[in-house]
Amino acid sequence: YSLNSIFCFLIIHMIFISLLSAVTPVFVQTGTDLLLEVKEPVVLKEADLFTWNVNGSDNAVRLVHGGKPTISPNYTSRVELSAQTHSLLLKNVQKEDSGVYRARVSADNNSDVAEYSVTVLESFPVLKKLTVKLCSSDSTKVTVICSTEDSLISSTFTCDTQTCSHEGGERAEIITPGASLDVYLENGSVICNHSNQYPFNDLTVTESLWDVFSVTNRTNNVAVAFCDKLY
């Protein structure tokens, strides 16, 4: 299998899990530390048991009311539990640390207070080049087309002599699982943003609509290509 096929499978798997439950997908690179936090405060009463469970069967950490954390021999020197926040620190994660991590309070009524689907990768896939094209059918409307190699989004904006507004007419084709492609207006410029769920992975391109319309107004001609040539 190709590396891209493996990435796509992992992403689809994480999305499927998150749709079935309140699992938070997390992607992390090998050799780094990962902090998993509980979603709500944990207050243990007498006879209550708090655990961080891995893949539904392996208790990495146990904590009873008034006691100290007990770390499973399989996770000695690999994890730390904060007795104050009940967060779990995974140290120097490796591929075999991938899995579902669940924090649970076992009492009269069991309660899950966190659940993460952790995927450890040697490296994160690099985002593909983001390009922006402008096209128009008259002197007041410009359609902005943001595209990567395998995804596209377009939207139409209208400008007069003073302001630009987002008219709508959006069309999106997002092929890469887990990726997002957005277009929006800010201070007279249109901004295209391409990102995915991997840390520090996003690309942004800004184009000034005012520049387009200033040329249009001076020449009385459309300053950009016709839209049907760009699709």
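The values are calculated or read from the model by the stated rules, or taken from the named source; none is laboratory data. All values derive from a computational prediction rather than experimental measurement. Counting neighbours? That spans all protein chains shown, and the Cβs are built from the backbone with ideal geometry, glycine included. To get the accessible areas, we keep the full protein, side chains included, count just its heavy atoms, and leave off ligands, DNA and RNA. Shrake-Rupley method; radii C 1.70, N 1.55, O 1.52, S 1.80 Å.
Taking the Cβ of VAL118 as the center, what net charge do the other residues with Cβ under 14 Å away carry, scoring Lys and Arg +1 and Asp and Glu -1?
Residues close to VAL118 contribute a combined charge of -2.
Report the net charge of residues surrounding SER72, where surrounding means a beta-carbon distance below 10 angstrom and charges are Lys +1, Arg +1, Asp -1, Glu -1.
+1
Order LYS141, LYS45, most accessible first, counting only protein heavy atoms with a 1.4 angstrom probe.
Descending accessible area places them as LYS45, LYS141.
With N residues in the range 23-121, what two-decimal value do you get for its Cα radius of gyration over 2.2 N^0.38 Å?
Cα Rg divided by the expected 2.2 N^0.38 Å: 1.02.
Tally Lys/Arg at +1 and Asp/Glu at -1 over every other residue whose Cβ is under 15 Å from the Cβ of PHE27; what's the total?
Once all neighbours under 15 Å are counted, the net charge is -3.
Taking the alpha-carbon distance from LYS141 and a cut-off under 15 Å, which aspartates and glutamates remain once sequence neighbours fewer than 8 residues away in the same chain are dropped?
ASP160, GLU167, GLU170, GLU207, ASP211, ASP228
Is the C-alpha gyration tensor of the range 66-154 telling us rounded, prolate or oblate? Criteria: a/c under 1.5 is rounded; beyond that, a/b larger than b/c is prolate, otherwise oblate.
Because a/c hits 1.5 or more and a/b exceeds b/c, the range 66-154 counts as prolate.
Using a 1.4 Å probe on the protein heavy atoms, what percent of the accessible area of the range 23-121 belongs to carbon and sulfur?
45
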